[in-house]
Amino acid sequence: MALTTHPPLRLHARPPALAGDFHHRRRLPPLRGLPSRRAHLRPCRCTGADADAGKEQAQARRAYPYNEIEPRWQAHWEERHTFHTPDIGDGLDTSRPKCYILDMFPYPSGAGLHVGHPLGYTATDILSRFKRMQGFNVLHPMGWDAFGLPAEQYAIQTGTHPKITTARNIDRFRTQLKSLGFSYDWDREISTTEPTYYKWTQWIFLQLLKRGLAYQAEVPVNWCPALGTVLANEEVIDGVSERGGYPVIRKPMRQWMLRITSYADRLLEDLDDLDWPESIKEMQRNWIGRSEGAELEFCAVDQEGHDLDAKLTVYTTRPDTIFGATYLVVAPEHVSLPSLTSEGQRVHVEEYTEVATRKSELERTELQKEKTGVFSGSYAKNPVTGEIIPIWVADYVLASYGTGAIMAVPAHDSRDHEFALKYKLPIIKVVSPPNGNCDPEEAYAGDGIMINSSNSSSGLNINGMLSQDAALKVTDWVENNGFGKKKVNYKLRDWLFARQRYWGEPFPLIYLDDTNEMVPLSENELPLTLPELDEFTPTGTGEPPLTKATDWVKTTDLLTGKPATRETSTMPQWAGSCWYYLRFMDPKNSSTLVDKAKESYWGPVDIYVGGAEHSVLHLLYARFWHKVLYDIGVVSTKEPFKCLINQGLILGEVEYTAYRDNEGRWVSADSESSLIDCHQEKVSADKITKVGDHYVLKDDPDIRLNARAYKMSKSRGNVINPDDVVSEYGADSLRLYEMFMGPLRDSKTWSTGGIEGVHRFLGRTWRLVVGPPLPDGSYKDGTMATDNEPTFEQLRVLHKCIARVSEEIQETRFNTAISAMMEFVNAAYKWDTQPKSVIDSFVLLLAPFAPHLAEELWFRLGHSQSLAYEQFPEVSGHVAPLPQQQPRIEPQIES
């Protein structure tokens, strides 16, 4: 997918020079931490005379002295604030084009980074450096989504306050990210746990409340009696708590909700204009789940057909099949179920409902699971046929979707068909396939010609009609006869926006003690800060931990002076990550969420990169909040993220598994005999070889092995720590390898052998420019570059590389861009001389990918300033270049 966030960029295009450019070219003092230009940078002397044996071995493995290069350039960037983006009104030239490039907000876990995390971060860093060198104003910030359940769970287990562990984890993440040379503007760093940040999260909630988009309702939650707490969905596995394995039930509790359903149509319609992967847009469409159908009313009756003075409303997308409805099904939580249950069936219904409350919605709606149900003891009258049909209770119907009741048409719905066969309920076919071919043993769910669909008493006859036309006629009939109406429905449910937890944003609300009236805090009372608590374990009663902060909970309404009680639930972790991209535009503003001029210039995010696991909830919630902020004039765009890129997973190294029988003999993985009784044995890579598409034992090629890469996890012991990789190969090697592994969006398998190859390429690049090491392991001053004019062949090779690298970066095909640079180096080694003008250009091409090495080579080539804002090389001879720009150089900011 191309980055279509701007009009297509000509490879040589750049913004024109502007008078009064804040970043005018000026000579910089010597690079701090580097020798002066007079000494011409005696860099990175890999001396070994006074080193111990271990250090000598490490140096022998190094293809170039990255261990000295990288820390020095990281210190230089930090001291000079090289990647600081000025504010509007403080030196930012807003006549230049902008590019806002953002990584999805990371949660700073105690485990730190593994090598999968830098994949997306490296991609955005390459794009950010590329765009800066093309003359764009680039906003590339980083911060922390630091509230949430994991920190609280760890605090409960260790007795350490989550504030302490969160700060410690953030420090570790920040150190690791800086060690990889990412060009973030650290002056814009934010954390969702800072009161100066969540003041505005609370402010947004108040705006939602004012507009009727926040309300309270009784909703079912996961309650664990043994733990005495409400659990999040991710803490419940197969009906028991993840911690301790205790039974979990669903019980109603009064909770704060956000009315995201009011924005369902806009959330759906505006997907069409987004440059997102189609698979992600389709997931959001399915999650919103817009459907058109009808609500139909069935009168409840007893077995003799006597009216029970109750009506059951069902929602259906296929009103044309009403003549085939042979029973109704209600959800176990349906509000009318107690009144619909006969005394003879009450015990059975209550037992079934009790079991159903322990299941998650995902378990209940799993298509492969066996359908279960119980008869309610009551019946209903089909409005178009007048027939009496039974009402059943089944957990595959959810109270949260539609009306919580369905008309079952077993001939034309697979779930209803399975249920009807199990409980011996009637099956009536009312739709004939257009071609007449249909498996008589299966449900036919498609459209067709209506059959068995007329009733003289009701006067409704749809026989012979097409399904779509019949659906319209049935809907008109029920509307005209008072049995229902046309209805648009959504699978999307309102957002449950409260957690009975400590570590989250407090709600800016109080309840008057005398009337229990809810009163929002005034905006000048924000932020309402989270109280310090030494004891934040669950209360055991279902009350949130904040109830223990009695001095904080008991307060006074400032307007009336009446005693009041604070809301003790907290906001979910999603809250802070819904709008953080806006705060990066204006992180220090204490008077408003974001300055209008800054938002107007920087919005929306041009390139947003993160994992596909956030494809629905985070992106949907952020889009919802953004649309609300658009409606109230805070933002100027309808959508927050213009272009979305999902990077793939990095899997652990391939694991090779062999099998032995009970007598210790090898059994080939493709053996016809069963492997169930065999013992599995991991085999190291040095003992296997590849034959064709399979892996076999070197010592016994007849024994085939299973080879598979798994997602990195502590339990498998296959996690690769980036700190170790940086120590052994350098940050540039890690960055380059993760981009070279394959297409950004694909899942890839880690290979230590692969990173060694990329490391050798960087070493070849170093020696091409600097020359071979001296006998003592050091390198001579300067470079091998000459002042010779380049030959036509050298220019041809260079410009071919420029064209490919420029295009491949723009199209996010980083692996093929690296291949192009490898081809250049291979060609350059065959030259008799390396003209400085050619080597200069190549170093600039390399800079977005391996910035530390590129900066070092750039300085050795005689340049006195960072290359971060140098003009990216352009292909000559295609189109006349635009007027020259004055390049922006790195800012110098007093620390």
Checklist line | Of the criteria (1) part of a loop (DSSP other than H, G, I, E, B); (2) open to solvent by 60 Å² or more (accessible area, probe 1.4 Å); (3) under 20 Å from PRO252 (Cα atoms), which one THR403 fails | finding: (2)
Item checked: Residue match in segment 43-56 (condition: modelled with pLDDT of 95 or more and open to solvent by 40 Å² or more (accessible area, probe 1.4 Å)) -> no
Notebook entry, point to check: Any idea which of TRP625, TRP552 is more than 24 Å from LEU267 (Cα to Cα), in a helix (DSSP H, G or I), in contact with a helix residue (DSSP H, G or I) (Cβ under 9 Å, 6 or more places away or on another chain) and aromatic (Phe, Trp, Tyr)?
Noted result: TRP552
Next item on the list: Take HIS140 and decide whether it is touching a residue at least 12 places away in the same chain (Cβ under 8 Å) and in contact with an Asp or Glu (Cβ under 7 Å, 6 or more places away or on another chain).
Entry: yes
Next item on the list: Within segment 187-214, work out how many residues are open to solvent by 50 Å² or more (accessible area, probe 1.4 Å) and either of a type outside the set (Ser, Thr, Tyr) or free of Cβ contacts under 8 Å to residues at least 60 places away in the same chain (or both).
Entry: 5
Checklist line | All positions within segment 735-750 that are open to solvent by less than 20 Å² (accessible area, probe 1.4 Å) and not in a loop (DSSP other than H, G, I, E, B) | finding: ARG735, LEU736, TYR737, GLU738, MET739, LYS748
Next item on the list: From the list PHE147, PHE105, pick out the single residue that is open to solvent by 20 Å² or more (accessible area, probe 1.4 Å), in contact (Cβ under 8 Å) with a residue 40 or more places away in the chain and under 20 Å from the mean Cα position of the chain (by Cα).
Entry: PHE105
Next item on the list: Considering only segment 413-461, state which residues are out of contact with any Pro (no Cβ under 6 Å at 6 or more places or on another chain), open to solvent by less than 20 Å² (accessible area, probe 1.4 Å) and part of a loop (DSSP other than H, G, I, E, B).
Entry: VAL430, PRO433, SER453
Checklist line | Considering residues of segment 703-717 that are of a type outside the set (Gly, Ala, Ser) and at pLDDT 90 or above only, the residue farthest from the chain's Cα centre (by Cα) | finding: ILE703
Check: How many residues are part of a strand (DSSP E or B) and either farther than 18 Å from PRO544 by Cβ or touching a residue at least 40 places away in the same chain (Cβ under 8 Å) (or both) if we restrict to segment 233-263?
Finding: 12
Checklist line | Residues located in segment 687-723, provided they are open to solvent by 100 Å² or more (accessible area, probe 1.4 Å) and in contact with a Lys or Arg (Cβ under 9 Å, 6 or more places away or on another chain) | finding: LYS687, LYS698, ASP699
Note to self: Would you confirm, using the coordinates I've provided, whether ASP275 is touching a Lys or Arg at 6+ places or on another chain (Cβ under 7 Å), in contact (Cβ under 8 Å) with a residue 60 or more places away in the chain and not hydroxyl-bearing (Ser, Thr, Tyr)?
What the structure shows: yes
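Matching residues to (1) free of Cβ contacts under 8 Å to residues at least 60 places away in the same chain; (2) open to solvent by less than 10 Å² (accessible area, probe 1.4 Å); (3) acidic (Asp, Glu):
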{"site": "SER733", "(1), (2), (3)": "no, yes, no"}
{"site": "HIS759", "(1), (2), (3)": "no, yes, no"}
{"site": "ARG767", "(1), (2), (3)": "no, no, no"}
{"site": "ASP776", "(1), (2), (3)": "no, no, yes"}
{"site": "ASN788", "(1), (2), (3)": "yes, no, no"}
{"site": "VAL797", "(1), (2), (3)": "yes, no, no"}
Next item on the list: Go over the candidates GLY120, GLY112 one by one and state the one that is over 24 Å from LYS588 (Cα atoms) and surrounded by fewer than 18 Cβ atoms within 10 Å (Cβ to Cβ).
Entry: GLY112
Notebook entry, point to check: Mind checking which residues of segment 351-384 are under 15 Å from ILE406 (Cβ atoms) and of a type in the set (D, E, K, R)?
Noted result: ARG364, LYS371
Margin query: Pull out all pairs, ordered by first then second residue, where Cβ-Cβ is under 6 Å, the residues are six or more apart or on different chains, the first lies in segment 68-85 and is under 23 Å from GLY135 (Cβ atoms), and the second is at pLDDT 95 or above and of a type in the set (A, V, I, L, M, F, W, C).
Written below: THR82/ALA868; THR85/LEU139
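Results for (1) closer than 19 Å to GLY482 by Cα; (2) at pLDDT 95 or above; (3) among the small types (Gly, Ala, Ser), shown as yes or no for each residue.
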position: GLY289; (1), (2), (3): no, no, yes
position: HIS306; (1), (2), (3): no, no, no
position: ALA310; (1), (2), (3): yes, no, yes
position: PHE323; (1), (2), (3): yes, yes, no
position: THR326; (1), (2), (3): no, yes, no
Margin query: Step by step: first the residues of segment 61-80, then only those that are of a type in the set (A, V, I, L, M) and either touching a Pro at 6+ places or on another chain (Cβ under 7 Å) or not in a loop (DSSP other than H, G, I, E, B) (or both), then the one that is least open to solvent (accessible area, probe 1.4 Å). Which residue is that?
Written below: ILE69
Item checked: Filter result (of a type in the set (Ser, Thr, Tyr) and not in a helix (DSSP H, G or I)) within segment 188-232 -> SER191, THR192, THR193, TYR215, THR229
Checklist line | Selection within segment 280-309 - without any contact (Cβ under 8 Å) to a residue 24 or more places away in the chain, in a helix (DSSP H, G or I) and either out of contact with any Leu (no Cβ under 8 Å at 6 or more places or on another chain) or open to solvent by less than 20 Å² (accessible area, probe 1.4 Å) (or both) | finding: LYS281, GLU282
Notebook entry, point to check: How about segment 587-602: which of its residues are open to solvent by less than 10 Å² (accessible area, probe 1.4 Å) and touching a helix residue (DSSP H, G or I) at 6+ places or on another chain (Cβ under 8 Å)?
Noted result: LEU593, VAL594, GLU599
Check: List the pairs whose first member sits in segment 539-563 and is open to solvent by 80 Å² or more (accessible area, probe 1.4 Å), whose second member is small (Gly, Ala, Ser), and whose Cβ atoms are under 9 Å apart, counting only residues at least 6 apart or on separate chains?
Finding: THR541/GLY228; LYS554/ALA564; LEU558/SER522; LEU559/SER522
Check: Quick check: is even one residue across segment 473-494 at pLDDT below 95, open to solvent by less than 50 Å² (accessible area, probe 1.4 Å) and acidic (Asp, Glu)?
Finding: yes
Next item on the list: From PHE859, PHE792, grab the single residue that is closer than 20 Å to SER183 by Cβ, of a type outside the set (D, E, K, R) and more than 38 Å from the chain's Cα centre (by Cα).
Entry: PHE859
Check: How many residues are assigned to a loop (DSSP other than H, G, I, E, B), of a type outside the set (A, V, I, L, M) and at negative phi when one looks only at segment 634-668?
Finding: 14
Note to self: Of everything in segment 603-637, what is open to solvent by 40 Å² or more (accessible area, probe 1.4 Å) and closer than 26 Å to THR812 by Cα? Give them in sequence order.
What the structure shows: ALA612, GLU613, HIS614, LEU617
Checklist line | In segment 570-599, the residues that are closer than 24 Å to TYR107 by Cα and charged (D, E, K, R) | finding: ARG583, ASP586, LYS588
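The values are calculated or read from the model by the stated rules, or taken from the named source; none is laboratory data. All values derive from a computational prediction rather than experimental measurement. As a convention, Cβ positions derive from the backbone with ideal geometry for all residues, glycine included, and neighbour counts pool all protein chains shown. Only protein heavy atoms, including side chains, enter the accessible area calculation; ligands, DNA and RNA are left aside. Shrake-Rupley method; radii C 1.70, N 1.55, O 1.52, S 1.80 Å.
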